[in-house]
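*Asks:* Quick one: the structure is below, and I'll ask about it shortly.
Every number here is computed from the coordinates shown, using simple stated rules; none is lab data. Keep in mind that what you see is a predicted model, and the values were worked out from it rather than measured. Heads up, the Cβs are rebuilt from the backbone with ideal geometry, glycines too, and the neighbour counts pull from every protein chain shown.
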Amino acid sequence: MSSVLTIRGGVPLTGRVTVRGAKNLVPKAMVAALLGNEPSVLRNVPEIKDVEVVTSLLQLHGVTVEKDPISGDLTLDPTNAKTASHTAIDAHAGDSRIPILLCGPLIHAIGEAFIPDLGGCKIGDRPIDYHLNVLRQFGAVVEKRPGGIHISAPGGLKGAKISLPYPSVGATEQVLLSATRAEGITELSGAATEPEVVDLIAVLQKMGAIISVQTDRTIRIEGVPDLGGYNHRALSDRNESASWASAALVTRGDIFVEGATQRDMMTFLNTYRKVGGGMDIGDDGIRFYHKGGKLNPLVLETDVHPGFMTDWQQPLIVALTQSEGVSIVHETVYENRFGFTEALIRMGANIQVHRECLGSVPCRFGQRNFLHSAVISGPAQLTGTDIDVPDLRGGFSHLIAALAANGTSRVTGIDIINRGYERFTEKLAGLGADFDITSTE
Ligand code: EPZ
């Protein structure tokens, strides 16, 4: 059953939304529970598809997952973990990339793991070579099997000295989830240090892990034989918060985002201020609003933390279509994250994508034929059109463009947005958006 959103644009979004646990932490913390020898409790859990996918994958492997009907808190009990059939894993993995992070915990828990060929957003080919190389360095045997990859470690996982070619979030998490119970010491250099990675370290430390993050992007893990459970409140989703902030600019609205955390959004807030957005930063959230005047163009380059997150650029580009002047966005994390601009151009935005690195430093994608720099000139009047959502963040960007456009837009494929935005249609309605949802067969 899929749904179609018919949006009548031109209505400023005003009001209050609540953002809960981060999509890019909560599923990883759930997987970490497998490493413990007793139940864990995870709080501030959003109702998103990625959590459902990991819940069913864990249940498949004998982990009981109970959800509190009121708070949504999860209690995860790994004490009866068991092997699952490959076909069942494949059927439950969906298009999530999380299954690859089950490897280390499953090897520690039951001696083996099967990872189906992975999905994820269409923003690049999303390879897992870093993950497999890391597992091999821990002593795992990685075998390609029909439909996926089988991983085992007859002698158990051993600590290793690992250096990542790129500060990959997923590969860093792979190391953390494998090393905490591996024999001996692991030293990871070139690690990612995103707030979600640090929150996963906090979860593991609560379980009994010994992990230190050093000043030069090196993470040192001293393996321990056993881990207990954790009781943890997930950090809030800074990507969703940034998306609502951009929505306030695009629709000339005023949105209080309860749960938005200044500490995790500092770079975004600087950029938002430079574009001309208004903000009031409080203890329980941040108010984002359009100040009524012009929006400013800017030159932006995405990077790993503490740089400007790649997940923030798509919704912000919609705001830049309304800035007076020419903006440049150089996407250095993913090679193909501007596909969503095609629909914006059809709506009247003035965007040109280029193969060159239009930023301060050449990146991995320069001269490799990837359209990873965008030039946006505005302000452009957007007009409603038919839109099919390409990926999670691009899809949200299309929604806010349609909400700001003149006329009506018909948006399909919105189920992808449920992967990372909790109850987003309810939130849009609560902010005064004018739309209908119709289900198609
Ligand atoms: C995580 O993806 C997030 N997803 C992404 O958020 C986020 O954009 C990304 O980190 C960067 O911050 C989750 O946490 C579920 P990476 P991940 O490994 O771990 C290349 C969203 O919208 N790479 O840091 O997959 C990769 O192709 C999503 O919420 C390899 O080459 O990101 C990319 O170019 C989108 N080989 C770069 O590294 C590998 O084995 C960064 O990827 C792994 C990654």
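*Asks:* Would you mind checking the tilt of helix 169-179 against the longest principal axis of the Cα atoms of the chain, expressed as 0 to 90 degrees and rounded to 10?
*Replies:* For 169-179 against the chain, the angle is about 20 degrees.
*Asks:* Here's a follow-up. Bin width 10 Å, origin at 0, all Cα-Cα pairs of region 218-342: what percent of pairs per bin?
*Replies:* Once binned at 10 Å, the Cα pair distances of region 218-342 give 12, 40, 28, 12, 7, 2.
*Asks:* Also: With r as the distance between the Cβ atoms of GLN262 and ARG16 and R0 = 25 Å, compute the FRET efficiency 1/(1 + (r/R0)^6) and round to 0.05.
*Replies:* For R0 = 25 Å, the calculated efficiency reads 0.90.
*Asks:* Obtain the radius of gyration and the Kirkwood radius of region 26-233 from its C-alpha atoms and give Rg over Rh.
*Replies:* Computed over Cα atoms, the ratio is 0.93.
*Asks:* Next question. When the Karplus curve 6.51 cos²θ - 1.76 cosθ + 1.60 is applied with θ = phi - 60°, which whole-Hz ³J(HN,Hα) does each residue of region 238-249 get, with x for Gly and Pro?
*Replies:* Computed from phi, the couplings for region 238-249 are 6, 6, 5, 4, 5, 5, 5, 4, 5, 4, 5, 5 Hz.
*Asks:* Short version: ³J(HN,Hα) in whole Hz for each residue of region 53-62, in order, from phi by Karplus 6.51 cos²θ - 1.76 cosθ + 1.60 (θ = phi - 60°), x for Gly and Pro, what are they?
*Replies:* Result, rounded to whole Hz: 4, 5, 4, 6, 5, 5, 4, 4, 9, x.
*Asks:* Grab every C-alpha pair in region 220-280, bin the distances at 5 angstrom width from 0 up to the longest one, and report whole percents.
*Replies:* Here the calculated profile for region 220-280 is 4, 14, 24, 17, 9, 7, 8, 7, 6, 4, 1.
*Asks:* Please compute the modelled spin-label separation between ALA429 and ASP280, points set 7 Å along Cα→Cβ, answer in nm with one decimal.
*Replies:* 2.8 nm
*Asks:* Can you figure out the FRET efficiency of ILE70 with VAL224, using R₀ = 45 Å and their beta-carbon distance, to the nearest 0.05?
*Replies:* Approximately 0.85, to the nearest 0.05.
*Asks:* Please give the FRET efficiency for VAL326 paired with ASN133, using the beta carbon to beta carbon distance and R0 = 45 Å, rounded to the nearest 0.05.
*Replies:* Numbers: r = 41 Å, r/R0 = 0.91.
Rounded to the nearest 0.05, the efficiency is 0.65.
*Asks:* Now a separate question. If you split all Cα-Cα distances of region 327-407 into 10 Å bins from zero, what percentages do you get per bin, shortest first?
*Replies:* The calculated distribution, bin by bin, is 19, 47, 28, 6, 0.
*Asks:* Amide H neighbours of ARG181 under 5 Å, counting only residues 5+ apart in sequence or on other chains, H built in-plane at 1.01 Å?
*Replies:* VAL224
*Asks:* Right, here's the next one. Suppose we keep just the alpha-carbon trace of the chain; what are its Rg and Dmax in angstrom?
*Replies:* Cα-based Rg and Dmax for the chain come out at 21.7, 65 Å.
*Asks:* Ok, one more. Which entries of LYS49/LYS158; LYS23/LYS294; LYS28/LYS161; LYS82/LYS144; LYS67/LYS158 have Cα-Cα distances beyond 28 Å here?
*Replies:* Correct reply: LYS49/LYS158; LYS23/LYS294; LYS67/LYS158.
*Asks:* With the dipole of the chain worked out from charges on the C-beta (+1 for Lys and Arg, -1 for Asp and Glu) around the Cα centre, which of MET30, PRO116, GLY293 lies farthest toward the positive end?
*Replies:* About the Cα centre, the residue reaching furthest to the positive side is GLY293.
*Asks:* If you don't mind, there's one more thing I want to ask. What is the extension gain from GLU47 to GLN352, computed as 0.36 nm multiplied by their sequence separation minus the C-alpha to C-alpha distance, in nm to one decimal?
*Replies:* 106.2 nm
*Asks:* Kindly provide the helix-only [θ] at 222 nm of the chain, computed as the sum of -39,500 (n - 2.57) over DSSP H runs of four or more divided by all residues, to the nearest 500 deg cm²/dmol?
*Replies:* After summing the helix terms and dividing by the residues of the chain, the value is -9000 deg cm²/dmol.
*Asks:* I'd like to know how region 294-441 sits against the 2.2 N^0.38 Å rule of thumb: what's its Cα Rg over that expected value?
*Replies:* Region 294-441 yields a ratio of 1.06.
*Asks:* If you don't mind, there's one more thing I want to ask. Hey, got the dipole for the chain? About the Cα centre, +1 on K and R Cβ, -1 on D and E Cβ, debye to the nearest 20? Walk me through the intermediate numbers first.
*Replies:* On the way: 40 positive and 49 negative charges, 143 e Å.
With Lys and Arg at +1 and Asp and Glu at -1, about 680 debye.
*Asks:* Taking the simple approach of a point 7 Å from Cα along Cα-to-Cβ for both ASP216 and ARG145, what is their distance in nm?
*Replies:* Roughly 4.1 nm, to one decimal.
*Asks:* With θ taken as phi - 60° and the coefficients 6.51, -1.76 and 1.60, list the Karplus ³J(HN,Hα) couplings across region 206-212 in order, rounded to whole Hz; mark glycine and proline as x.
*Replies:* Working through the residues one at a time gives 4, 7, x, 6, 10, 10, 10 Hz.
*Asks:* Next up: Normalised by the empirical 2.2 N^0.38 Å for globular proteins, what value does the Cα Rg of region 277-381 take?
*Replies:* Ratio of Rg to 2.2 N^0.38 Å for region 277-381: 1.12.
*Asks:* While we're on this one: Can you tell me, using C-alpha contacts under 8 Å and at least 6 residues apart, the relative contact order of the chain as a whole percent?
*Replies:* Rounded, it is 21 percent for the chain.
*Asks:* OK, next. Cα axis of helix 262-275 to longest principal axis of the chain: angle in degrees, 0 to 90, nearest 10?
*Replies:* 20 degrees
*Asks:* In region 363-389, whose amide N lies under 11 Å from the spot 7 Å out along Cα-to-Cβ of GLU342? List them in ranges.
*Replies:* In region 363-389, the label zone of GLU342 (backbone N under 11 Å from the point 7 Å along Cα→Cβ) covers 388-389.
*Asks:* Of HIS131, LEU200, LEU382, which is farthest on the positive side of the dipole of the chain, counting Cα position, with +1 on Lys and Arg Cβ, -1 on Asp and Glu Cβ, and the Cα centre as origin?
*Replies:* LEU382
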